[in-house]
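Peer 1: Can you keep this structure in mind? I'll have questions shortly.
The values are calculated or read from the model by the stated rules, or taken from the named source; none is laboratory data. Source: prediction; values computed, not measured. Positions of Cβ are generated from backbone atoms using ideal geometry, with glycine treated the same way; all protein chains shown enter the neighbour counts.
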């Protein structure tokens, strides 16, 4: 047998902050790639430096590594460069050329790309093989529009379809537009690597948070052109708009989510003695159940509310009907299907920190036994990376004195 396939360890430079790109490049870390995040040098009068997310949540490791920052940034290196100085931009260009960088990523406002020296044309001229990727609110065609996840959820219809019918619009719990943009970056970079293997050239990738978010409205927007009223698509609480009954129902000691996704499942549902009172001819089809959905939901609530969750779940298991408890967020990492896949890191004080599992396990993570180095301190690897470029201690000291690096 031959040697096992060992893919090239790509080098990623990323001018990133907040979550969307930090999450995308975290997925590269999980492949075993080298990710170097570049942050700005301090500004006069600023109390914090670098990525604002460093200072969100509970302090974990010094003043610049709070809890919100850690998970998306484990396993990375960190540099601090002043790209407003010509010498800082020259240093970035040297990094692209001499490391050399395979991939460049940024979620900086597109209007700032060219003034700071890292627009696609500039970096591709230095290294034509470079894969260059931007995440922004609405894409490069809208260079001055900033974007944060709640804003995108509001703009792209997510809040209009999230919440209870008689309540206000709500944002989804996870920052979906951030994470969608990050996953799309991951996928598009992998595609560009395949293309580069054939052509030898890199390319520009333009990820719009808005377009990515709206691309997920597969079961909403097309229905408007197929005679569905807009009211059918708006806030519906925990119930499904099409499949009935799908909803969260109270039990004696909590809630249980029941998802009847077909008429066959409904038949098994009402064949169980606990729900036999609902075995009525007009409820045998999904459209029949939709016609009286409010009354049906209330009838199920009456049945489930008088029984403990475990008893209701036992009946649903017997009927082979999909269901789940409402798991508290602090118990999710203990789920049997999740616990073995969790990643972990170790804080500087020795504390073990569990991390979300990868979307799909990778050979690199299996080799590492799911353990990744802790998130880097601000500018932690500046000297090491500049030394790797061939700069001596005096040159690095001069750059620091000039405020080019921190």
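Peer 1: Condition first: over 26 Å from the mean Cα position of the chain (by Cα) and either crowded, with 18+ Cβ neighbours inside 10 Å or in contact (Cβ under 8 Å) with a residue 40 or more places away in the chain (or both). Now tell me which residues in region 97-116 satisfy that. Explain how you work it out, then say what you get.
Peer 2: Residues of region 97-116 that are over 26 Å from the mean Cα position of the chain (by Cα), as a first pass: 97-100, 114-116.
Across region 97-116, the qualifying residues are 98, 99, 100, 116.
Peer 1: Is there a residue in region 354-369 that is on the phi > 0 side of the Ramachandran plot, surrounded by 18 or more Cβ atoms within 10 Å (Cβ to Cβ) and in the same structural domain as residue 34 (by TED's automatic domain parsing)? Full working, then the answer.
Peer 2: Residues of region 354-369 that are on the phi > 0 side of the Ramachandran plot, as a first pass: 369.
From the residues that got through so far, the ones that are surrounded by 18 or more Cβ atoms within 10 Å (Cβ to Cβ) too are none.
Checking region 354-369: not a single residue is on the phi > 0 side of the Ramachandran plot, surrounded by 18 or more Cβ atoms within 10 Å (Cβ to Cβ) and in the same structural domain as residue 34 (by TED's automatic domain parsing).
Peer 1: Enumerate the pairs (first residue in region 306-320 and more than 13 Å from residue 250 (Cα to Cα); second residue anywhere and in a loop (DSSP other than H, G, I, E, B) and modelled with pLDDT of 95 or more) with beta-carbon separation below 7 Å, excluding pairs fewer than 6 apart on the same chain, so at least 6 apart or on different chains.
Peer 2: 315/272; 318/272; 319/272
Peer 1: Which condition does residue 244 not pass, out of (1) surrounded by 20 or more Cβ atoms within 10 Å (Cβ to Cβ); (2) outside any loop (DSSP other than H, G, I, E, B); (3) free of Cβ contacts under 8 Å to residues at least 60 places away in the same chain, if it passes all the others?
Peer 2: Against the list (1) surrounded by 20 or more Cβ atoms within 10 Å (Cβ to Cβ); (2) outside any loop (DSSP other than H, G, I, E, B); (3) free of Cβ contacts under 8 Å to residues at least 60 places away in the same chain, residue 244 comes up short only on (2).
Peer 1: Just one of 47, 65 is buried (at least 18 other Cβ atoms within 10 Å of the Cβ) and either in the same structural domain as residue 148 (by TED's automatic domain parsing) or in contact with a helix residue (DSSP H, G or I) (Cβ under 8 Å, 6 or more places away or on another chain) (or both); which is it? Break it down stepwise before answering.
Peer 2: On the way: 47 fails: buried (at least 18 other Cβ atoms within 10 Å of the Cβ).
Criteria check complete, one pass: 65.
Peer 1: Just one of 261, 237 is outside any strand (DSSP E or B), within 26 Å of residue 172 (Cβ to Cβ) and outside the structural domain of residue 310 (by TED's automatic domain parsing); which is it?
Peer 2: 237
Peer 1: Hey, another quick one. Using the structure shown, decide if residue 187 is assigned by TED's automatic domain parsing to the domain that holds residue 141, assigned to a helix (DSSP H, G or I) and free of Cβ contacts under 8 Å to residues at least 60 places away in the same chain. Reasoning before the result, please.
Peer 2: Details: assigned by TED's automatic domain parsing to the domain that holds residue 141: yes; assigned to a helix (DSSP H, G or I): yes; free of Cβ contacts under 8 Å to residues at least 60 places away in the same chain: yes.
Here the answer is yes, as residue 187 does meet what is asked.
Peer 1: Could you run through region 222-240 and say how many residues are within 28 Å of the chain's Cα centre (by Cα) and free of Cβ contacts under 8 Å to residues at least 12 places away in the same chain?
Peer 2: Step one: list which residues in region 222-240 are within 28 Å of the chain's Cα centre (by Cα), which gives 222-223, 233-240.
Still in the list and also free of Cβ contacts under 8 Å to residues at least 12 places away in the same chain: 222-223.
Adding up the residues that qualify gives 2.
Peer 1: Follow-up. Which residue, of 168, 146, 150, 128, is out of contact with any helix residue (DSSP H, G or I) (no Cβ under 7 Å at 6 or more places or on another chain), part of a loop (DSSP other than H, G, I, E, B), assigned by TED's automatic domain parsing to the domain that holds residue 95 and closer than 25 Å to residue 222 by Cα?
Peer 2: Numbers: 146 fails: closer than 25 Å to residue 222 by Cα; 150 fails: part of a loop (DSSP other than H, G, I, E, B); 128 fails: closer than 25 Å to residue 222 by Cα.
168 is the lone residue from the list that is out of contact with any helix residue (DSSP H, G or I) (no Cβ under 7 Å at 6 or more places or on another chain), part of a loop (DSSP other than H, G, I, E, B), assigned by TED's automatic domain parsing to the domain that holds residue 95 and closer than 25 Å to residue 222 by Cα.
Peer 1: Kindly evaluate residue 321 against the criterion of being assigned to a loop (DSSP other than H, G, I, E, B), at pLDDT 95 or above and in contact with a helix residue (DSSP H, G or I) (Cβ under 6 Å, 6 or more places away or on another chain).
Peer 2: yes
Peer 1: When only residues in region 203-222 that are in a helix (DSSP H, G or I) and out of contact with any strand residue (DSSP E or B) (no Cβ under 8 Å at 6 or more places or on another chain) count, which is surrounded by the fewest Cβ atoms within 10 Å (Cβ to Cβ)?
Peer 2: Here the answer is 222.
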